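Only one structure is covered here, and it is reproduced in the block below.
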Amino acid sequence: MSVRTPILAAAAVAAMIANVVAVAPAFAQPLHSIEVGYQDLNLTGDAGRAILDRRIADAAAELCGQSRKVELRWDAAVRACRTETVALTQPQRNAAVRYGTVEVASADAIVRVSRAAN
């Protein structure tokens, strides 16, 4: 075994660690908002509004995270976050429904769902 083999192994390990450290902050960044499109929905009917509400609720669930029912405090915090996040979105949702009969450019037909600060 030459001296070069341990040096190469150490260099490979150092490179892997540097790679993980460089990528970790990107994964650590939580989502703060999600754009929900509704250009494909007819908001004049109940079905279109129900689909928009489901999309908003799904975005809130993604922003607030998951919990397990056995972790009661965490579960309550996640449910509260989702409820507050959906409530914060209601003015945009109601404006979208109010103007649902107006032709909207597809780039403008979004609701920004932002995570509640809890």
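Bear in mind these aren't lab numbers, they're just calculated from the coordinates by the rules spelled out. All of these numbers come straight from a predicted model, not from anything done at the bench. Heads up, the Cβs are rebuilt from the backbone with ideal geometry, glycines too, and the neighbour counts pull from every protein chain shown.
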Simple spin-label estimate for HIS32/GLN66, 7 Å along Cα→Cβ, in nm, reads 2.6 nm
How large is ³J(HN,Hα) for each residue in the stretch 61-68, as worked out from phi by the Karplus curve 6.51 cos²θ - 1.76 cosθ + 1.60 (θ = phi - 60°), to whole Hz, x for Gly and Pro? 5, 5, 6, 8, x, 10, 9, 10
Find the relative contact order for the stretch 31-114 and round it to a whole percent, using C-alpha pairs within less than 8 Å whose residues are 6+ positions apart. 48 percent
Difference of contour (0.36 nm per residue) and Cα-Cα distance, GLN90 to ASP108: 4.8 nm
How large is ³J(HN,Hα) for each residue in the stretch 80-88, as worked out from phi by the Karplus curve 6.51 cos²θ - 1.76 cosθ + 1.60 (θ = phi - 60°), to whole Hz, x for Gly and Pro? 5, 4, 4, 4, 5, 5, 5, 4, 5
